[in-house]
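Scroll down for the structure; my scribbles are underneath it.
The values are calculated or read from the model by the stated rules, or taken from the named source; none is laboratory data. Small disclaimer: the values here were computed from a predicted structure and weren't measured. Here the Cβ is made from the backbone with ideal geometry for all residues, glycine too, and neighbour counts use every protein chain on show.
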Amino acid sequence: MSGNYTAYHVHTELSLLDSATKFEDYIAKAVELGQTAIAFTEHGNIYQWVAKKMACDKAGLKYLHGCEVYLTEKLLLTDPHTGEQNKVRDNYHTILIAKNYAGLQEMNELISRSSQDDHFYYKPRITFDEFLGISSNVIKISACLASPLNRMSITHPMYERLLKHYDYLEIQAHDHPEQVAYNRHLAEMSQKYGIPLIAGTDTHSLNKYKAECRTILQLSKHIEFANEDTFDLTYKSYDELVAMFATQDALPEAMYLEAIENTNRMADSVEPFELDISFKYPILYGERDREVLHQVLDDNLQAKIKEGAIIPEQVEPFKAAIAEECRVFDKIEMSGFMLFMSELVTWCKSHGIPIGFNRGSCGGSRVAYVTNTTDLNPETWHTVFSRFCNEDRKEIGDIDIDVSPSQRDLVYDYIINRFGQEKTAFILAIGTIKSKGCIDEICRALALRWNREHQRDEKEFRRVMAQLKDENVKIVFGDARDGFSLYFFDEAGNLLLPSRMKDIPRAELIKQFSKEYTKLKEENERIFAKNPWAGKASANIKKEFETDEAAAREKYPEVFYYYDGLLDVAISQSMHPAGIVASPITLRDNYGTFISDGKEILQIDMECVHEVSLVKYDILGLKNIEIIKDAYELLGKPYPKSHEINWNDEAVWKDMLRSPIGIFQFEGEFAFQMLRQYEPHSIFDMSLVTAALRPSGASYRDDLMQHKPHKNPSPIIDELLADNNGYLIYQEDVIKFLQQICGFSGSDADNTRRAIGRKDEERLKKALPQILEGYCEKSPQPREVAEQEAKEFLQIIQDASSYMFGYNHSVGYCMIGYLCAYLRYYHPYEFITAYLNNANGEEDVKNGNELATLYGIRIVPPRFGLSKDKYLLNTEEKVIAKGISSVKYMNADVANELYELAKAGKPKSFMDLLMQLDEKTHLDTRQRDILVKIDYFAEYGNSKELLRMVDFFSFFKNGTMKKISKDKVTVELEPIIAQYATDKSKSGQPAKSYTFTDLPGLLRHLEVVVRDMHIQDFDLKSKMQIQLENLGYIDLTTNKKEDQRKLVILDIYPLRSKKTKEIWAYALQVRSIGTGKTNRWTIYSELYDRKPLQRYDTIYVPMNGWGERRGYLYLYNYDYVI
């Protein structure tokens, strides 16, 4: 015996919500115990297996590729009674461990298949037949009590076949009767079939503390396992495991010691493997990639010269730079990658999908610009290639692109179709518990635990009530169990009630139990009100934690006992919001995938993708790209190319400072404040402000904003940084210093920059002589002075290296901001319409309306002929009309039908319109009535008046009535109907009904009758209620000067003194009926008590009825309007 063992049945936090322990902690524990191998067997997944493998390799542990899979008898089982085929939730457990790399691929393929729609049912599953088809390259172990060998009957026709296919039968050391019996059964099966026993631990936690954290996590998510408190699922040493088996006393000592030793034999039988970290660029044209790329470059370079994108003096620098870049790309195997990025972006643009000018360091590449991957001319904007790529830094290519969010899936689909589904997949993202969420989870769990300790359980009551009301449930009577005064269920499932209730009718029993249940609920509610962890407890603790962490930890030890053990624990998986992988090799078998919401996702995250050198394409959805796209579509113009834009339009730069709204990267208050203070006049200026906004800019921000020149150790450095007013701001500045002054190549300059940033003293020491030599050659100073200057600047670089910003990226993003400002200034109608149609929430809508007011643009409520589904610009009337697809019960199709109907020619009569709505649209009566109420048809009359017309229209069956009985006709209607109908039969005799001869004429006549009634519209309060109910907001804006001081009360909340807790004032959220603007006002409690207010009241504020104090608006007097 070895005196140690291999833990092969281990669950980490990646068995989501079933562990609070990270795999790194298990690895450290295994090393501490002198173990030589470990397997992680998550429930149904292999998430982050590459990271686990790398961590094991680093620690000197042998990585065993494992998974606890779910088995199902069949994907569909036939119901013997109905013949229907349905999925069944049997989901048995089994451990798989790859014996070699072929086994790893086989396992990964199976696990990938298990999450597909036909297999998945509550859990990812493989069938018995698929399990029986697993080759000898995979070790198969019977797992825990959820194994088919425990949960299935031994007489099941599949039982023996499954048993014989296992390589090991897993016994566990938990001191529980079911586990004892199962161990003994497995021992019999082992002897009968010659299958060795193996000792599994089913480890879920590193130690007792982590087990407690796991319990709290599961309690917060309402997850419970029966009798699990009797199972010790913590990581064990060899001696502890042996002791557990001895205490369990299920098997002879020799037998369980042999089973423990078999963990090592099993691990020894596994062949080690190395991760393949070679570059995995998807295959385009094979060996022709370089040739095709050069052809694209030649063709596009001529095209760009011809269209003026590359001006004559830039042609030669471009040609030289392209040759050098291509040499580098060939050397580091990136030519095919650059070619596909060109194909991807070219396809996007040819299919109406605009791409941002540039994202990231790629803006330094002339090849990227000429092949249309970027739209940022490096010669014009002085960007740096070596920041993007250098020949001594061999890394997998990485270029991100920005697209409009609504078109991102189209780009994904292109990539998938280009390389095939089996070689493409999205990327895993793991969600973890963050600081505030951690406090929420713990408080939720503590509250539930407290309730259980103090409240009576309502579940049984609810069950009894259901059984009592079900006449098919039999009631039996007998003596109640000790401690139970009411009821329980017997072994047959009958409802067992105390004998004293025997003569009470069933209906009376239901009443009695209902009364008792009500009392119980009321009692529990009273108890719950005392729960220290419920209600606002979590919010209060989080607030105190933010203010003073140490004090909060001391005050709430129950919460923070678990906090550190649960912080950053994985609780969910999802798809990375931007990345997709395309590979030359299949992904399901080599890395494993799973299906979520119809997307195929890798079982490794972005970092692992980088480690194994898979190519990822980050396709990011940027709202501002969509706004620009939509604005140009409204203008009837194509999305512009960078060389077509005047980047030095002073009118645009001046107007940019009017408002932050819609200016990309500067919509925040602080960002816009910096922009206004600096007053940029170029993209270079704007980029400086962008860099200064970052935390990295704190050291120079104030001086830069005041345009104070910064003096460096020497004039030659001042000249180098002249565009930055002398400040060292960008990573590219370091590269320029090393290249232009010290004579480094681009690659050496970037490598040295990285060495400085990473505090790589050895590499920096090696580069120092070249830095000093190159600087001294450029400097007019004596050698000793020049060396001192160089060393001084190097120290400045070292001090700033951890926070310097990327210039290549900054320029591309500032160009987007400028283009937003350009559109806002020259085409405000189109820009604001596009902005509102891409609003993300109420704040964006509010900002869009504010911007419209600033530019004197009227936004009108939904109106017939002006509105479609979204906001719509009406160039004739110079208004932007709100859309109606967000109106209650409405949809885009009907909205657009109504618009087309109006454009075809509006009828003069509202009754004619109602008839057309019925004949030519899919508008139903409920939708119609709502549109009438919200004044959509206001041009035909007020909404109350139109609703009366609708009543007549409905009375006459929406204009389709053929006859009407005379006894249904009122005295007032009879003479009118008589003009448009006959009451004679075919024989000329009087009939009992009127037969209509001109129903449309009758409806038009009735419209006149209604108008002559001069029906008054709904009052303001009713209109507000109608808008709230059907629009979800209040939109009463008259644009009349006399209504500016009429304010609608949107919300009221008290303001209390911190000392006395008494209400001293009330805060009001109000909206001006005249302007539509919203504001917060404060009203003292004395005035409020005299003239109380409610939500949606309307008040009038006289000129002397308000004032301002310390930036707050105060109400001193007002009159009620409503």
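General observations
- Only one entry in 795, 781 is within 20 Å of residue 710 (Cβ to Cβ), surrounded by fewer than 15 Cβ atoms within 10 Å (Cβ to Cβ) and in the same structural domain as residue 735 (by TED's automatic domain parsing), namely 795.
- Selection of the range 978-1005 for residues being of a type in the set (A, V, I, L, M, F, W, C) and closer than 23 Å to residue 925 by Cβ yields 996, 999, 1002, 1003.
- Matching residues, the range 718-759, being more than 26 Å from residue 681 (Cβ to Cβ) and of a type in the set (S, T, N, Q): 739, 745, 747, 751, 752
- Pick from the range 399-417, criterion touching a strand residue (DSSP E or B) at 6+ places or on another chain (Cβ under 7 Å) and among the acidic types (Asp, Glu), ranking: surrounded by the most Cβ atoms within 10 Å (Cβ to Cβ): 402
- Test for residue 275: is it out of contact with any His (no Cβ under 7 Å at 6 or more places or on another chain) and closer than 19 Å to residue 582 by Cβ: no
- Failed criterion for residue 1011 (all others in (1) farther than 23 Å from residue 1121 by Cα; (2) surrounded by fewer than 16 Cβ atoms within 10 Å (Cβ to Cβ); (3) of a type outside the set (Val, Ile, Thr); (4) not assigned by TED's automatic domain parsing to the domain that holds residue 909 hold): (4)
- Restricting 191, 179 to those that are crowded, with 20+ Cβ neighbours inside 10 Å and either outside any helix (DSSP H, G or I) or modelled with pLDDT of 95 or more (or both) reduces the list to 179.
Yes/no matrix, rows are residues, columns are (1) out of contact with any Cys (no Cβ under 6 Å at 6 or more places or on another chain); (2) crowded, with 20+ Cβ neighbours inside 10 Å; (3) under 19 Å from residue 833 (Cβ atoms):
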residue	(1), (2), (3)
608	yes, yes, no
613	yes, no, no
623	yes, no, yes
628	yes, yes, yes
636	yes, no, yes
643	yes, no, no
657	yes, no, no
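- Restricting attention to the range 722-738, the residues that are more than 40 Å from the chain's Cα centre (by Cα) and either aromatic (Phe, Trp, Tyr) or surrounded by fewer than 21 Cβ atoms within 10 Å (Cβ to Cβ) (or both) total 4.
- Within the range 13-47, considering residues that are among the polar types (S, T, N, Q) and touching a residue at least 40 places away in the same chain (Cβ under 8 Å), the one surrounded by the fewest Cβ atoms within 10 Å (Cβ to Cβ): 36
- Residue 24 being modelled with pLDDT of 95 or more and in a helix (DSSP H, G or I): yes
- Some residue of the range 701-716 being among the β-branched types (Val, Ile, Thr), under 24 Å from residue 757 (Cβ atoms) and in contact with a strand residue (DSSP E or B) (Cβ under 8 Å, 6 or more places away or on another chain): no
- At least 3 residues being over 29 Å from residue 697 (Cα atoms) and outside the structural domain of residue 396 (by TED's automatic domain parsing) is the threshold, and among the helices (runs of 4 or more DSSP H) wholly inside the range 605-678 those reaching it are 623-635.
- Residue count, the range 358-390 (criterion: farther than 19 Å from residue 817 by Cα and either acidic (Asp, Glu) or assigned by TED's automatic domain parsing to the domain that holds residue 749 (or both)): 1
- Identity of the residue in the range 368-389, farther than 25 Å from residue 723 by Cα and touching a Ser or Thr at 6+ places or on another chain (Cβ under 8 Å), that ends up surrounded by the fewest Cβ atoms within 10 Å (Cβ to Cβ): 372
- When each of 259, 199, 250 is tested for being touching a residue at least 24 places away in the same chain (Cβ under 8 Å), surrounded by 19 or more Cβ atoms within 10 Å (Cβ to Cβ), closer than 18 Å to residue 41 by Cα and of a type outside the set (Lys, Arg), the lone residue that passes is 199.
- Of note, residue 20 satisfies the criterion of being under 30 Å from the mean Cα position of the chain (by Cα) and among the aliphatic types (A, V, I, L, M).
- Among the residues of the range 305-327, just one is surrounded by 21 or more Cβ atoms within 10 Å (Cβ to Cβ) and farther than 19 Å from residue 642 by Cβ, namely 325.
- Test result for residue 962, at pLDDT 95 or above and among the basic types (Lys, Arg): no
- Just one residue in the set 942, 891, 896 is closer than 30 Å to residue 972 by Cβ and surrounded by fewer than 21 Cβ atoms within 10 Å (Cβ to Cβ); that residue is 942.
- Note on the range 508-539: among residues that are surrounded by 13 or more Cβ atoms within 10 Å (Cβ to Cβ) and not in a helix (DSSP H, G or I), the one that is modelled with the highest pLDDT is 533.
- Of all residue pairs spaced 6 or more apart or on separate chains, those with beta-carbon atoms under 9 Å, a first member in the range 1046-1057 that is assigned to a loop (DSSP other than H, G, I, E, B) and a second member that is of a type outside the set (S, T, N, Q) and at pLDDT 90 or above are 1057/1063; 1057/1064.
- Among the residues of the range 252-291, those identified as in a loop (DSSP other than H, G, I, E, B), touching a strand residue (DSSP E or B) at 6+ places or on another chain (Cβ under 7 Å) and more than 25 Å from residue 23 (Cβ to Cβ) are 281, 282.
- The set of residues in the range 1086-1099 being assigned to a helix (DSSP H, G or I), of a type outside the set (Lys, Arg) and free of Cβ contacts under 8 Å to residues at least 24 places away in the same chain consists of 1086, 1088, 1089.
- Conditions (1) in contact (Cβ under 8 Å) with a residue 40 or more places away in the chain; (2) surrounded by fewer than 24 Cβ atoms within 10 Å (Cβ to Cβ): number failed by residue 420: (1)
- Criterion (within 30 Å of residue 891 (Cβ to Cβ), basic (Lys, Arg) and surrounded by fewer than 17 Cβ atoms within 10 Å (Cβ to Cβ)) met by exactly one of 1041, 986, 1021: 1021
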